[in-house]
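Values in this text are rule-based calculations from the coordinates and carry no lab data. Not measured: the values here are computed from a predicted model. For neighbour counting, all protein chains shown are included, and Cβ atoms are generated from backbone atoms with ideal geometry for every residue, glycine included.
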Amino acid sequence: MKKLWRICRWYLIVVGLLAHFLVLWLGFGGPVFLDRWLVVHDKPVEAEAIVCLTGGVGANNFPTERGLQRIYTAVQLYLDGYAPWVIFSGGGSGAVSQGEIYAEVAGWLGLPEEAVVIEPYSRSTADHPDNILKLKEPALEKDSALLIVTTPLHSRRVALCFRKAGFSYFRIVTHYSARGKGVRANRLLKKSKLKEYVPSGKKYDDFLFRLRLSLIHISEPTR
């Protein structure tokens, strides 16, 4: 009986230490390799079109935070001349499609109207590949060169869906800021005009923040 108690005691001690270590590891933003596997990000190259997959809308029909990141990335790619078209692909349950809403916001960020194409029928990730092939302009094929814009935790699923649909030449881009002609629109280069402002240095890439984004991602019905 004493031997069994000693085993149980050591077991509880080891489990407790591991649990504390795990909490501290996650609390200080240690890497979680499982969610890193979900991320696909390719270097952009010249393509026939940039495909921005919508990422949901929130209050007042405004794109979610992840949606805004996708719009910004797509516009930055266009401003640097990677493709002549930006396709905003996504439907939704509201009176206005997410594709239309995203295109409108992209205009605020400098995307010209003549470069905009809206695909308003896709309701899930699996719908995007087939629906963009139905567009009259640009007329795309499965071997067309595409830059597909999405967010990191959604990237591998997007890649798998397009590959399953038979697309052979695409790249997944999860973030990009203009470096060439559109460098003036690169918001990462902006600096505060207030002398008294001091950046906090706070980071938002720890596990708990990524977990929150995952939960938001699951709750959003349309991508």
If R0 = 35 Å, then Ser93 and Tyr169, at their Cβ-Cβ distance, give a FRET efficiency to the nearest 0.05 of 0.60
Ranked packing of 159-170, 120-131, 9-20, 85-96, most packed first, by mean Cβ within 10 Å: 85-96, 120-131, 159-170, 9-20
Which cross-chain or sequence-distant (5 or more) residues have an amide H under 5 Å from the amide H of Val57, H modelled 1.01 Å from N in plane? Thr64
Determine which lysines satisfy two conditions relative to Lys195: a Cα distance under 27 Å, and not lying fewer than 8 residues away in the same chain. Lys203
Listed peptides 100-112, 57-69 by packing density, highest first (mean Cβ within 10 Å): 100-112, 57-69
5 angstrom amide H check on Cys52, placed H, neighbours 5+ away: Ile87, Phe88, Ser89, Val149
Alpha-carbon centroids, region 43-91 and region 93-150: separation in whole Å: 8
